[in-house]
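Report on one structure; see the data block that follows.
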Amino acid sequence: MPARAVRGMSAPPEVVFNTATDPNRASAWLPEPLRGDGSPAAEISGAELRARWGGDTDWSAEIRVESADAGGARIQLDLADGSDGSGPDQLADEALTNLAREVADNLQAG
């Protein structure tokens with residue numbers, strides 16, 4: 001069963017999604033088995049603000065970004081490591097913490 005982490009961010013949903021799916025930034029927040037070679041996510045739906053990554057292993061990640069109050073975003077990350085256990089809950093939380101850092105850096109740079 002995949003681990004699920006949910007987090008709010010005070011950035012517009014489009015900024016969060018674009019940061020998450022930027023191949024140059026994905027390696028800074030995705031868990032190691034999903035970082036790949038800098039290529040984009042396996043599936044991206046910009047209209048739904050949803051993306052999915054899959055590695056050469058049993059690892060996979062799916063992120064969904066929705067609008068939240070005051071112009072912010074709500075991010076849901078489902079992370080699977082291919083095991084039959086409860087999933088990498090701590091790793092999913094850490095990934096969203098790292099994504100929040102990348103979003104903040106992106107906002108400061110732009």
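Read-outs: derived from the displayed coordinates by stated rules, not from any lab. Every value quoted in this text rests on a predicted model; they were computed, and no experiment measured them. Heads up, the Cβs are rebuilt from the backbone with ideal geometry, glycines too, and the neighbour counts pull from every protein chain shown.
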Which loop-located GluC sites (Glu not before Pro) does the range 1-82 contain, where loop means any DSSP state but H, G, I, E or B and the Cβ has at most 11 other Cβ atoms within 10 Å?
-> Glu48
Taking every other residue with Cβ under 11 Å from the Cβ of Ala109 and scoring Lys and Arg +1, Asp and Glu -1, one gets -1
Excluding Arg52 itself, calculate the net charge of residues whose Cβ lies under 13 Å from the Cβ of Arg52, where each Lys or Arg counts +1 and each Asp or Glu counts -1.
-> -2
Taking only Cα atoms, what is the 0 to 90° angle, nearest 10, from helix 89-109's long axis to the longest principal axis of the chain?
-> 30 degrees
CD proxy at 222 nm, helix term only [per DSSP H run n ≥ 4: -39500 (n - 2.57); per residue of the chain; nearest 500] = -10500 deg cm²/dmol
What value does the range 5-71 have for Rg/Rh, both radii from Cα atoms and Rh as Kirkwood defines it?
-> 0.97
